[in-house]
1. Give region 81-96 a look and list any residue that's touching a residue at least 60 places away in the same chain (Cβ under 8 Å) and surrounded by 18 or more Cβ atoms within 10 Å (Cβ to Cβ), or say none.
2. List every residue pair whose Cβ atoms sit under 6 Å apart, with the two residues 6 or more apart in sequence or on different chains, where the first one lies in region 109-120 and is in contact (Cβ under 8 Å) with a residue 12 or more places away in the chain and the second, anywhere, is among the β-branched types (Val, Ile, Thr).
3. Being surrounded by 18 or more Cβ atoms within 10 Å (Cβ to Cβ) and among the acidic types (Asp, Glu) is true for just one of Glu294, Glu303, Glu317, Glu321. Which residue is that?
4. Suppose we keep only residues that are of a type in the set (Gly, Ala, Ser) and outside any strand (DSSP E or B) within region 188-218. Which one would you say is modelled with the highest pLDDT?
5. Among Ser359, Ser342, which is the only one that is at pLDDT 70 or above, polar (S, T, N, Q) and either open to solvent by 70 Å² or more (accessible area, probe 1.4 Å) or over 60 Å from the mean Cα position of the chain (by Cα) (or both)?
6. Residue check: is Asn427 out of contact with any Leu (no Cβ under 6 Å at 6 or more places or on another chain), modelled with pLDDT of 70 or more and not hydrophobic (A, V, I, L, M, F, W, C)?
7. Considering region 222-241 alone, what residues qualify as being small (Gly, Ala, Ser) and over 16 Å from Glu265 (Cβ atoms)?
8. If you take the residues in region 112-140 that are under 14 Å from Ala90 (Cβ atoms) and among the small types (Gly, Ala, Ser), which one is farthest from the chain's Cα centre (by Cα)?
Amino acid sequence: MKPRKLHLKQQLCGVAALLLGCLGFARTGVAQSVDASRAVVRNVVADARAVQGKVDLRSPDIASTRKFALVIGNAAYANIPQLKNSVNDARDMCKSLRELDFEVSCFYDLATKAEFRQAVRNFAVQLNPHTASFIYYAGHGVQINGENFLLPTSVSAEASLDMEDDSLNLGYLLRSLASAKSSPNIVVLDACRDNPFAASGNMSEGLARVDPPLGTVLVYATAPNSRALDGRDSNGLFTKHLLAHIGEPGRKLDELFRVVALGVEDEARNQYKYLQVPYRSSSFSGDYCLAGCENPAVLAKMEEIARQSAEAVRRIEVLNEENARLKRQTEERERNIASLESKIGLLNKDVAAAGDKTSGDRADLERLKAALAAALKEQKEAEGLKAEVARRNAEVDGLHRQIESFKSQTAELENYRQRIAVLERENADRLRVTKEIDEVRRQSLDAEQRVKALSDENARLRTQAASRDANITALERRIEAATSSASSAGNESAKANAELARLRQALQQARDERNTAELMDRSSDREQEIAGLKAQISTFQAKTSELEQLRQRIIALEKTNADQKKMLKDRDSAESKVRPAIIPSF
C-alpha cells in the first residue's frame, strides 16, 4: 500500500474510533437547542440573583452591629430606705437583653462610687462607632442643683454636698458614651421611685431633664421632677411594661417607648389613681429595633424564598455547565464526521486512480465505510437528544416562572411588612385616640358635675332669698297690724311697745341679711360659668363624636388589614398544597 493511503487510513481509523466511543449529537439542531438553553439559563440566573438581592434577610441593626448592655440594680441600701423591686427589675432586664443577643454585663447592689465608675469604665471600652449600647439602672437617684446622681448602696443618709462626691454623676456615664461615639445608645433610668431625702434648697424630687449626647435616647420612668411607682408585683411599674414589649420584633425605639408610656400611664391612673408619665429625650434619628425590625413570620418566609432562589441558581448553573459540555462534544464530533467524510472521499479517489484494487485495500475501504456508517447512525440516534434538550429547556422555563413567582412573593411580603407598619401606627393612633376620648369624656363629666353643683347652689340661694322675702313681708304686716292696733286703742302699753320694737328689730335684721346676701350674691357669675360650661360640654361632645368617628375608621382599617393578612395566609396555604416542591430536580 502506498504511504499516502496508509496515512489516510490511519487518520480515518482514529477518527472512526473516537466517534464509536462517544455519544453523538445531531449535527445542527442539538447545538442550536443548547445555545437556546444557555440563553434561557443566563436570564433565569440573572433573575434569581435579582430576587436574592431584594431579600433583606436581616435588618442592618441586627446583622452588622455588635450590641452591648450594662444593667445595674441597687436595692439593699444600708443607710436609706431599701427598694423592693430594683434588683428583680435588673435581673429580668439582663435575661431579656441576652435573649435579644446583647452582650450583657449585670451588677447588683454596687456599694460605692468607685464600683459604679469601674463598671461604667469597663463597659465603655467595649464601645465604638460600630456598636450599639443599652444601659439600664434601677435604684435610688436624686437631682442636686439640676444634676442627676445615681446612688450606690452605701451612700450616707445625710443630704449634704458630700452626696455629689459619694454618688455617680449621670453626666459621667453620658460623657463616656459620647467619647465612644457608639450609636444608638439607649439609657433607661428607673430611678425616681422614692425620694430618700427630705427636699432641701439644693435637692429636688425626681431627676432633672438632661439633653443626651449625639446618638443617644435617654428614657426616664417618669417625667422630670416627679416620682415613679415601685409597683405591687415583682417589678416596678415602668420596668414591668418595658419588659412586656422589649422583645417584640418590628418595634422601633420611638414606638416601643410610646407603647410602654401608654401602658404605664393607664395602669397608674386606673389602678393607683396616680399620674406617672414616662419621659424620653433623644438625639438619635435613625431606625432601630431592639428585637429586629423584621416580623419573624415574614423573615422566615423571605429566608425560605432566598434559600429556594439560591438552590435554583445552583441547579441552573449545573444545567448550564452540562449544556455547555454537550455543545462542545457536539461541535467536536461534527468536525470529526466532516473530516472523516472528506478523507474517505480522498481515499476513494486515490483507490480509483491506482487501478486494480487489492483485496486488502477493498477490505480497508469497507471497514472505513462501515465506521462512517456507524458514526452516521449514532448521529441520527443523537437526534433523539433534541427531546431531552427540549425537556431541559422546559424545566428552565419552569424555573424562570418560579423565579418570577419569587419576585412576586417578595413584593407581596414587602407590601405586607408595610401594611403591618401601617397597622402598628394605626393601633398606636387608636390607643391615643381612645385615650383622648376618655380624657374628653372625663372633662365633659367634670363640667356636667360642675354645672349641676352650680345649678343646685343657685336653686338653694333662690329658695333662701324667697324665704327671706316672705319673712320680711310677714314682719312688715305684723308691724303694720301692731301699729294700727295700738293707735286705735289710744294709750299704748309698755308691752305693746316692746313687741313693736322687737318686730321692728327683727325686720331690720331680716333686711340687713337680705342686703348682705344680695351683696354676696354671685348667681349671675355662676350663671355665666354655667353657660360657659355648657358651651364646653357641647364642644366636648362634638370632639368626642369626631374622635369616635376617627377611632371607628381606624378599627375599620385594622379589620381590612387583618382580612388581607388572612387572605395572604390562606393563599399561601393553598399554594403550598398544590405546589409541594418549588425547585424541580434535574
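1. Quick first cut of region 81-96, residues touching a residue at least 60 places away in the same chain (Cβ under 8 Å) only: 81, 83-86, 88-89, 92-93, 96.
Once the filter is applied, which keeps residues that are touching a residue at least 60 places away in the same chain (Cβ under 8 Å) and surrounded by 18 or more Cβ atoms within 10 Å (Cβ to Cβ), region 81-96 yields Leu83, Asn85, Ser86, Asn88, Asp89, Asp92, Met93, Ser96.
2. Asp109/Thr153; Ala111/Thr153
3. Working: Glu303 fails: surrounded by 18 or more Cβ atoms within 10 Å (Cβ to Cβ); Glu317 fails: surrounded by 18 or more Cβ atoms within 10 Å (Cβ to Cβ); Glu321 fails: surrounded by 18 or more Cβ atoms within 10 Å (Cβ to Cβ).
From the options Glu294, Glu303, Glu317, Glu321, the qualifying one is Glu294.
4. Filtering region 188-218 for residues of a type in the set (Gly, Ala, Ser) gives 191, 198-201, 204, 206, 208, 215.
From the residues that got through so far, the ones that are outside any strand (DSSP E or B) too are 191, 198-199, 201, 206, 208, 215.
Numbers: Ala191: 88, Ala198: 57, Ala199: 54, Gly201: 57, Gly206: 78, Ala208: 86, Gly215: 93.
Among those residues, the one meeting the criterion is Gly215.
5. Working: Ser359 fails: at pLDDT 70 or above.
Going through Ser359, Ser342 in turn, the sole match is Ser342.
6. Details: out of contact with any Leu (no Cβ under 6 Å at 6 or more places or on another chain): yes; modelled with pLDDT of 70 or more: no; not hydrophobic (A, V, I, L, M, F, W, C): yes.
The answer is no for Asn427.
7. As a first pass, look at region 222-241 and keep what is small (Gly, Ala, Ser): 223, 226, 228, 231, 234, 236.
Across region 222-241, the qualifying residue is only Ser234.
8. Step by step, filter region 112-140, then rank; the result is Ala119.
The values are calculated or read from the model by the stated rules, or taken from the named source; none is laboratory data. Since we're looking at a predicted model, the values are computed, not measured. Here the Cβ is made from the backbone with ideal geometry for all residues, glycine too, and neighbour counts use every protein chain on show. These accessible areas exclude ligands, DNA and RNA; they are computed on the full protein's heavy atoms, side chains included. Shrake-Rupley method; radii C 1.70, N 1.55, O 1.52, S 1.80 Å.
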